[in-house]
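The values are calculated or read from the model by the stated rules, or taken from the named source; none is laboratory data. Computed from a predicted model, the values in this text were never measured in an experiment. All Cβ positions, even for glycine, are placed from backbone atoms using ideal geometry, and neighbour counts span all protein chains on display.
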């Protein structure tokens, strides 16, 4: 096989006509899942196959200079597939769901304009929710109240503040980590300012029937818990081997306080505690593994509440390429989905796919095949392979050139779990 051969060469393609001036909701694919499940590797395969870019929905990868503990994709991967909303602020600069939405929307619009299907990937559920459903109109910040809460926390302690939140807003308290002092104080701030628990305000926002921003396919990766925990432990070991302690030491040396929101994220909080003598190295490692497992559990709790999310279960030792093929089948099904019911805005346009059959289409298209490209080419013998550097995605074999498009419909999928129906569906 050619060293340039990739999963993209084995994927089907869509050659859909771009429509302009349509009120149709533009399509978006979102891939979520708990930390360490393998989202990044799988997303790379899917993005190559789609000829698109990745919009990263990760609240820690936005910080510059924090690469190991955040598992930021390496430069080689980012050159291969551009990643957006990564390395956008310094560790001492604020960043929130609103900032993420403001960064993500222009990137998504640009991809739609280019006729490409945007791919959003990450584990920060609030960012995904803000992108898909908009933001809750929070009351303006009361600086005096915020300073008072900060002073109160210094006297009473973060644990007492968390217990107060547990009494006033138990739903929000269950969602937050007791040591996430900034978010705990913000929830208390909203409650004291409005008399309404933050969880109730968010529920009212969701119940208002806000029109969705996109026609979105939201896919969630899951796996057996013991297997995920093994991956978490291995990731922690890999991060330590890559130099997580040295990266944390360098950040502290540059003057970034361990009390910053960025420095309280997984990895840096535990290593900072070790470096400043709070506990021994072995305890820091065990704390990091424990806290990461707890974080993964909170992520899954969040995503299970997202309506319309379709779970894809990863089997033991299943390679990223196999999972990506299954996701591509669901994406193809999404692209060819029937139009909305009568009376709803945004009926899809009709276009012809690369396989020659007609069906509903969305206002985006893959760039046409370019016979000059050798992205999916051969090893030097025989006819040159044809393929688009963006999204042509023909199937080729070494020395054989292009043999046509491999029909994915002949490959039944298993393990696509619908949490609402409680069954496993085949596509």
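Do we find a residue being outside any strand (DSSP E or B), under 16 Å from the mean Cα position of the chain (by Cα) and modelled with pLDDT under 95 anywhere in the stretch 86-97? Yes: one or more hits. Scanning the stretch 295-333 for residues that are closer than 15 Å to residue 216 by Cβ and assigned by TED's automatic domain parsing to the domain that holds residue 51 turns up 303, 306, 307, 308, 309, 310. Give 55, 68 a once-over and let me know the one that is within 22 Å of residue 295 (Cβ to Cβ) and within 17 Å of the chain's Cα centre (by Cα). The conditions single out 55. Among the residues of the stretch 40-61, those that are in contact with a strand residue (DSSP E or B) (Cβ under 6 Å, 6 or more places away or on another chain) and buried (at least 24 other Cβ atoms within 10 Å of the Cβ) comprise 43, 47, 54, 55, 56, 57. For the stretch 65-104, residues that are touching a residue at least 60 places away in the same chain (Cβ under 8 Å) and surrounded by fewer than 16 Cβ atoms within 10 Å (Cβ to Cβ) total 3.
Restricting the stretch 238-263 to residues that are closer than 14 Å to residue 288 by Cβ and surrounded by fewer than 17 Cβ atoms within 10 Å (Cβ to Cβ), the residue that is nearest to the chain's Cα centre (by Cα) is 238. For the stretch 313-340, a residue qualifies if it is outside any helix (DSSP H, G or I), under 30 Å from residue 203 (Cα atoms) and touching a strand residue (DSSP E or B) at 6+ places or on another chain (Cβ under 6 Å), and the qualifying residues are 313, 339. When restricted to residues that are within 28 Å of the chain's Cα centre (by Cα) and in a helix (DSSP H, G or I), the stretch 178-189 contains 7. Here residue 21 meets the list (1) surrounded by fewer than 21 Cβ atoms within 10 Å (Cβ to Cβ); (2) at pLDDT 75 or above; (3) more than 19 Å from residue 309 (Cβ to Cβ) almost entirely, failing just condition (2).
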